[in-house]
1. From the list A:ILE72, A:ILE82, which one is more than 12 Å from DNA strand C (Cβ to nearest atom), within 26 Å of B:ARG83 (Cβ to Cβ) and hydrophobic (A, V, I, L, M, F, W, C)?
2. Quick one: how many residues across the range B:11-23 are without any contact (Cβ under 8 Å) to a residue 12 or more places away in the chain and near DNA strand D (Cβ under 8 Å from one of its atoms)?
3. Of the residues A:GLY80, A:GLY70, which single one is within 27 Å of B:GLU68 (Cα to Cα) and among the small types (Gly, Ala, Ser)?
4. Can you tell me which condition B:ASN87 does not meet? The list is (1) without any contact (Cβ under 8 Å) to a residue 40 or more places away in the chain; (2) surrounded by fewer than 19 Cβ atoms within 10 Å (Cβ to Cβ), and all the others hold.
5. Kindly check whether there is at least one residue in the range A:61-78 that is at negative phi, more than 9 Å from DNA strand D (Cβ to nearest atom), in contact (Cβ under 8 Å) with a residue 12 or more places away in the chain and in contact with a His (Cβ under 9 Å, 6 or more places away or on another chain).
6. Right, A:GLN12: over 11 Å from the mean Cα position of the chain (by Cα) and more than 8 Å from DNA strand C (Cβ to nearest atom) or not?
Number of protein chains: 2
Amino acid sequence: MAKHLRLQIEEQLRERGLKITPQRFAILEHLAQNHEHPTADEIFNAINRQFPRASRATVYNTVAALAEAGLIETLCLDDGVIRYDANLTAHHHFICRRCRKILDVPGHAVRGKLAWRAPHQVESYEVVMRGLCRKCR
Amino acid sequence: MAKHLRLQIEEQLRERGLKITPQRFAILEHLAQNHEHPTADEIFNAINRQFPRASRATVYNTVAALAEAGLIETLCLDDGVIRYDANLTAHHHFICRRCRKILDVPGHAVRGKLAWRAPHQVESYEVVMRGLCRKCR
DNA sequence: CTGCGTGCAAAATGTTTGCAATGTG
DNA sequence: CACATTGCAAACATTTTGCACGCAG
């Protein structure tokens, strides 16, 4: 694991007043290196190889804490499963209707401006695209 | 209940080769008159007042069938709960970070065009906005 | 009449909670 | 050393499944 990633994760945790534990490390590292938007259970399985004693509850607690601290984002696109994403740069999502993969689309790949006529105060937005991904096309 | 809505629902069901049952009627009617994006359980509770013998399984079966037939859309925005929406006109969603309500935003209220640089074949897209709704602002 | 759709109960899945034990700061 | 965090198990919530019965076409 890259040392700078390690330091960066430590700093992020400290900044938010979260204690640095091996489990949180493992979860953040997994998410940082994996852009597949895993579910809590998938994280649990991945982590479990390193930490056979890790529990599901810890994964759920941890991702909730990390999400509240703003270190990761939650995602719930089509099925009723909550997924987690450590990609905090502005981006959108593309869901392939064939392979069901959820792919990141960088913010700058969506061009044009949106102007709201909605009578609400829009603070952020995300575009969810659906179709066929490059491989399935 | 408006008679034209009744006929419209019957026709939609027939078109898709679905049998016309009182339960399907009740579910579609509920969704058509209710823009709150209810969950399966909320539908179940609403339906149950009319049909005390209706079962949860029927609600789940029915919404799955209706969604597959394209009569309703499924929605899974932030929490891990699947919601259903009979609004088939082009529209987007606004989630209030205070009252947590999910509000429809008509398609024409989102102005501007989006151009994809993504290497995928985009067939449809939806914009999810977040912020404070009019009442909570 | 034929089979899809329903109701029921039980199982599978996904998530939360309570509490004692542990490890971080 | 204090307290947040962990692990475990059990509770809880949500969704799916199997099967017998009933109703729509």
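All of the numbers you see were taken from the coordinates with simple rules; none came from a lab. Bear in mind the structure is a predicted one, so any value in this text is a computation, not a measurement. When we count neighbours, we look across all protein chains shown, and the Cβ atoms used for this are built from the backbone with ideal geometry, even at glycine.
1. Being more than 12 Å from DNA strand C (Cβ to nearest atom), within 26 Å of B:ARG83 (Cβ to Cβ) and hydrophobic (A, V, I, L, M, F, W, C) holds for just one of A:ILE72, A:ILE82, which is A:ILE72.
2. 4
3. Of the residues listed, the single one that is within 27 Å of B:GLU68 (Cα to Cα) and among the small types (Gly, Ala, Ser) is A:GLY80.
4. With (1) without any contact (Cβ under 8 Å) to a residue 40 or more places away in the chain; (2) surrounded by fewer than 19 Cβ atoms within 10 Å (Cβ to Cβ) applied to B:ASN87, the lone miss is (1).
5. yes
6. For A:GLN12, the condition - over 11 Å from the mean Cα position of the chain (by Cα) and more than 8 Å from DNA strand C (Cβ to nearest atom) - is met.
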